[in-house]
Amino acid sequence: MKEHQCARQPSSKGDFYFSFVHGQIFGPEGEVRRFVSAGTWRKSGHHKWEIKHIPLAADGQRMFVVDDFDLVTRSTNGAVYALD
């Protein structure tokens, strides 16, 4: 589970926007790790966003993340891939 704070800036690539995220990763054993990331987001439907970003965790781990946000239900579903 992640907590996100996004900032957006328009991209030159159409309907994509730059995304800068500061958040926390909540692990299955109760551990909490902070991260920062940069990536892109776009509207993927009515009240829905798709965000692709590369977080860097405080312990140095890098990941590639694809998140789908539903703004009506305030829920997210996504996939996390380890890069290192």
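FYI, it's all coordinate maths here, none of it is from the lab. Computed from a prediction, not measured in an experiment: that's the story for all the values here. Glycine also receives a Cβ, built like all others from the backbone with ideal geometry; neighbour counts cover every protein chain displayed.
Along the stretch 31-42, what does the Karplus equation 6.51 cos²θ - 1.76 cosθ + 1.60 (θ = phi - 60°) give for ³J(HN,Hα), rounded to whole Hz, x for Gly and Pro?
Result, ordered by residue: 6, 10, 10, 7, 8, 10, 8, 9, x, 10, 9, 8 Hz.
For the peptides 66-72, 77-83, 17-23, what is the packing order when you average, over each peptide's residues, the other Cβ atoms within 10 Å and list the highest mean first?
On the way: 66-72: 15.0, 77-83: 10.3, 17-23: 17.9.
Order by mean packing, descending: 17-23, 66-72, 77-83.
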